[in-house]
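Read the structure below first, then the notes.
The values are calculated or read from the model by the stated rules, or taken from the named source; none is laboratory data. Not measured: the values here are computed from a predicted model. Note that we place each Cβ from the backbone using ideal geometry, even for glycine, and neighbour counts take in every protein chain shown.
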Amino acid sequence: MASLPKPEELVKIDYNPPRRGWMDNPVEFRRGTWLYAAKPRHLEALGLPNPREWSPEEEDWKLPPEWREIVLEGFKERLERFRSLKLFMDICSRCGACADKCHFFIGTGDPRNMPVLRAELLRSIYRRYFTLSGRMTGKLVGARDLTEEVIKEWFYYFYQCTECRRCSLFCPFGIDTAEITMMGRELLGLLGIYPDWIIAPVANCYRVGNHVGIEPHAFRDMVDFCVDEIENVTGIRVEPTFNRKGAEILFIAPSGDVFADPGIYTFMGYLMLFHEIGLDYTLSTYASEGGNFGLFTSHEVMKRLNAKMYDEARRLGVKWILGGECGHMWRVIHQYMDTMNGPADSLEEPVSPLTGTKFENARSTKMVHICEFTADLIRHGKIQLDPSRNDVFKVTFHDSCNPARAMGFFEEPRYILRKVCNRFYEMPENTIREQTFCCGSGGGLNADENMEMRMRGGFPRANAVGYVREKYGVNLLACICAIDRAVLPALMDYWVPGVGVAGLHELVGNALVMKGEAERTTTLRGEPLKGSGDDENT
Amino acid sequence: MVTVKLHNFLSGKKDAIINKWYEGVLKTYPAEAARFLREEKDRFANPVGYALYEGMKGIYEELLRGLEPDRVDPWLDRIIRIQAVQEFRPSQAVAFVFLLKQVVREELAAAAAERELPWGELLEFEARVDELAGLAFDGYMKCREELFAIRIKEIKNRTSRLLQRANLGVTIFE
């Protein structure tokens, strides 16, 4: 009886989290925060190891018996192959500059989401098995044994990084945590540990040509649907072609723009623009995906998926490739494609057929971003725009991480935006351009089962949108990324209700004055051109 | 014996009480996060810290004015909306409300010294805090329900066009 607590002890609740070192704090897989495991059939389709049914919330992850050797061998291989990885493992001085720059740390308050600690997840193993001091002194120098708990921790935290690279902006050594995350994911992949949300699109893309797995006839059908919708709004029937040999340009968009709301309106914008300028282009039902979830899987898989763009361009005999509004697609094209599958010698250096502008930055990849292309058209007065058709919107612009930080792509989208709408308001300086906050769902995290985690990671972005909504009455968040278009509506609904999401070329489509068009009474979404925009925030 | 007037006391000590209350809430986060939430003053770099502090200030003001759900809800929402998606159990997410009782009792005890405590007023105040906790739980449930609804809406949006084109004749949309 003496051990029974007294009443005052019973009511004293300790709200404080346990004070333990991060290494001794195993991960708890709470629903809403993690991604479902990849289905075996997808791994089989790609020839990836250890296909099996498993779940992160079960104790047994069904790892192969020699899993430790596989990981350490894979780690060794990568240290030899990627000098960047070796450097990133060695040079961090733990200055802390990155610590509070990650949207997941800011939103979760979880120290293991500080980029420095996320990297320590790998470094602790690197020290233990690949450095003398780590082998000798272990924990004293931050080294630890590779256990199944560590593997689980890797899965939890490397899939809480969107590879947005905001942290790397602040690192005095230029350590790129996205690269560390990519390595961590590759090592997990050696054991067959992938999220289904990433590997299913990869398998689809490998088999059919796009993430969604839309087959050629259905792809065409979806584009036809856009054509009908455009006709309803403008009275003009645009005529895209498919797999047409001899076209000057191959246009590749992220597949999200072809079938999902609100991306589909951006796709309509592309088609209208191409029609209006009489562009000699074709769509491909084989290279029907600009995105590349291979980036979130492994270098090998990324290369495999990327190759189809060049193959198809070569097969069709086009001069160059024009790419749609996508985020990670452009990181792959801008930073990996040329060394993976390039140089694309069978293609020509891109030149705009309308303005004669040479896109020298794409001399080697032969692939041009649609925003550069459109900005150039506007600059040369090749299209007529009526920005008042977007007067129903008060717009702010979210710099998508990859075009911003992987391409330095800041001005072109803003230039277009200022020409196609009258009311554009910037978010605060430390949340845009190179410092832009991630949507919280990139890097393959845009599933629905981890919605809670996405809301945490996206909060810093949403908070800045909330500010311009309050201050200026902003009601539309424009972006140039298909993942953004897919995930930001949910983020807005939770944190800043009343703010819609649109791709830039949807606004271009609204503003574009087309020869012979009927008088426009609605936006591409079928909503009245003028009306509630001014009133709804007062 | 002189009695402390609670309302005057709570108004006079406002900043000290809010700061202490805020400190208590910060302690529910891991130490590294608490340091960041406390020290980073930029509201865009530290949106969680900013929202928590502003929310608590707003709630405290409303408590002093009486407790009108319509007026206090937006302030509560600032905090609860965050905690409803963070690593807290439901009881932990609303627990910050109860921390205020503890802070007020401590401050009051320290200030009263030899004077008589305003028991009646204090009980009334604490009853209001309890009511506030109820409102916080309503807010918590509202946020969680929204979260689930948003998840469903997203799944529908993702497939809407395909289903429409497939002429399935199924109307799953509002």
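Tabulated results
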{"read-out": "Those residues of the stretch B:67-87 which are within 14 Å of chain A (Cβ to nearest Cβ) and in contact (Cβ under 8 Å) with a residue 60 or more places away in the chain, in sequence order", "value": "B:ASP77, B:ILE80, B:ARG81, B:ALA84, B:VAL85"}
{"read-out": "Residues of the stretch A:248-263 satisfying the condition of being within 16 Å of A:ILE370 (Cα to Cα) and surrounded by fewer than 24 Cβ atoms within 10 Å (Cβ to Cβ)", "value": "A:GLU248, A:ILE249, A:PHE251"}
{"read-out": "Residues satisfying the stated conditions in the stretch A:128-149, i.e. assigned to a loop (DSSP other than H, G, I, E, B), among the small types (Gly, Ala, Ser) and at negative phi", "value": "A:ALA143"}
{"read-out": "Qualifying residue in the stretch A:125-141 (condition: in contact with a Phe, Trp or Tyr (Cβ under 6 Å, 6 or more places away or on another chain), crowded, with 21+ Cβ neighbours inside 10 Å and within 28 Å of A:PRO51 (Cα to Cα))", "value": "no"}
{"read-out": "Boolean, A:ASP484 is at pLDDT 95 or above, closer than 27 Å to A:LEU385 by Cα and in contact with a Gly (Cβ under 9 Å, 6 or more places away or on another chain)", "value": "yes"}
{"read-out": "Number of positions in the stretch A:320-345 that are closer than 26 Å to A:LEU504 by Cα and surrounded by 18 or more Cβ atoms within 10 Å (Cβ to Cβ)", "value": "17"}
{"read-out": "Checklist (1) within 12 Å of chain A (Cβ to nearest Cβ); (2) modelled with pLDDT under 95 applied to B:ALA51, failing item", "value": "(2)"}
{"read-out": "Verdict on A:GLY290 being under 30 Å from A:THR523 (Cα atoms), buried (at least 24 other Cβ atoms within 10 Å of the Cβ) and of a type in the set (Gly, Ala, Ser)", "value": "yes"}
{"read-out": "Some residue of the stretch A:8-26 being at pLDDT below 95, surrounded by fewer than 18 Cβ atoms within 10 Å (Cβ to Cβ) and of a type in the set (Ser, Thr, Tyr)", "value": "yes"}
{"read-out": "Test: residue in the stretch A:474-485 that is free of Cβ contacts under 8 Å to residues at least 24 places away in the same chain and surrounded by fewer than 24 Cβ atoms within 10 Å (Cβ to Cβ)", "value": "no"}
{"read-out": "Residue match in the stretch A:168-189 (condition: at pLDDT 95 or above, under 27 Å from A:ALA253 (Cβ atoms) and among the hydroxyl-bearing types (Ser, Thr, Tyr))", "value": "yes"}
{"read-out": "Pair list, Cβ under 7 Å, 6 or more apart: the stretch B:12-28 residue more than 16 Å from B:VAL129 (Cβ to Cβ) and more than 12 Å from chain A (Cβ to nearest Cβ), other residue of a type outside the set (Ser, Thr, Tyr) and surrounded by fewer than 19 Cβ atoms within 10 Å (Cβ to Cβ)", "value": "B:ALA16/B:GLU107"}
{"read-out": "Yes/no for B:ALA95 being in contact (Cβ under 8 Å) with a residue 24 or more places away in the chain and surrounded by 12 or more Cβ atoms within 10 Å (Cβ to Cβ)", "value": "yes"}
{"read-out": "Residues that are charged (D, E, K, R) and more than 19 Å from A:LEU504 (Cα to Cα), drawn from the stretch A:419-436", "value": "A:GLU429"}
{"read-out": "Residue ID - farthest from the chain's Cα centre (by Cα), chosen from residues in the stretch B:62-77 that are among the hydrophobic types (A, V, I, L, M, F, W, C) and in a helix (DSSP H, G or I)", "value": "B:LEU64"}
{"read-out": "Test for A:MET492: is it touching a residue at least 60 places away in the same chain (Cβ under 8 Å), among the hydrophobic types (A, V, I, L, M, F, W, C) and out of contact with any strand residue (DSSP E or B) (no Cβ under 6 Å at 6 or more places or on another chain)", "value": "no"}
{"read-out": "Selected residue (criterion: surrounded by the most Cβ atoms within 10 Å (Cβ to Cβ)) from residues of the stretch A:493-527 that are within 18 Å of A:CYS479 (Cα to Cα) and among the small types (Gly, Ala, Ser)", "value": "A:GLY503"}
{"read-out": "Test: residue in the stretch B:126-141 that is farther than 30 Å from A:GLY107 by Cα, in contact (Cβ under 8 Å) with a residue 60 or more places away in the chain and more than 14 Å from chain A (Cβ to nearest Cβ)", "value": "yes"}
{"read-out": "Pick from the stretch A:412-468, criterion β-branched (Val, Ile, Thr) and part of a helix (DSSP H, G or I), ranking: nearest to the other protein chains (Cβ to nearest Cβ)", "value": "A:THR431"}
{"read-out": "Matching residues, the stretch A:349-368, being touching a strand residue (DSSP E or B) at 6+ places or on another chain (Cβ under 6 Å) and outside any helix (DSSP H, G or I)", "value": "A:PRO350, A:VAL351, A:LYS358, A:PHE359, A:LYS366, A:MET367, A:VAL368"}
{"read-out": "Within the stretch A:265-315, considering residues that are among the hydrophobic types (A, V, I, L, M, F, W, C) and without any contact (Cβ under 8 Å) to a residue 40 or more places away in the chain, the one nearest to the other protein chains (Cβ to nearest Cβ)", "value": "A:PHE274"}
{"read-out": "Residue ID - farthest from A:PHE105 (Cα to Cα), chosen from residues in the stretch B:78-113 that are β-branched (Val, Ile, Thr) and under 11 Å from the mean Cα position of the chain (by Cα)", "value": "B:VAL97"}
{"read-out": "Criterion violated by B:LYS41 - all others in (1) within 14 Å of chain A (Cβ to nearest Cβ); (2) buried (at least 16 other Cβ atoms within 10 Å of the Cβ) satisfied", "value": "(2)"}
{"read-out": "Tally, over the stretch A:389-405, of residues that are closer than 21 Å to A:ASN510 by Cβ and either free of Cβ contacts under 8 Å to residues at least 40 places away in the same chain or not assigned by TED's automatic domain parsing to the domain that holds A:ILE277 (or both)", "value": "0"}
{"read-out": "Residue tally, condition in contact with a Gly (Cβ under 8 Å, 6 or more places away or on another chain), under 14 Å from A:PHE459 (Cα atoms) and part of a helix (DSSP H, G or I), over the stretch B:78-104", "value": "4"}
{"read-out": "The stretch A:61-111, subset among the aromatic types (Phe, Trp, Tyr) and outside any helix (DSSP H, G or I), residue surrounded by the fewest Cβ atoms within 10 Å (Cβ to Cβ)", "value": "A:PHE82"}
{"read-out": "Residues (more than 14 Å from chain B (Cβ to nearest Cβ) and assigned to a helix (DSSP H, G or I)) located in the stretch A:470-516", "value": "A:TYR472, A:LEU504, A:HIS505, A:GLU506, A:LEU507, A:VAL508, A:GLY509, A:ASN510, A:ALA511"}
{"read-out": "Residue pairs meeting the criteria (Cβ under 8 Å; at least 6 apart or on separate chains; first away from every other protein chain (no Cβ under 11 Å), in the stretch B:150-174; second at pLDDT 80 or above and outside any loop (DSSP other than H, G, I, E, B))", "value": "B:ILE172/B:LYS156"}
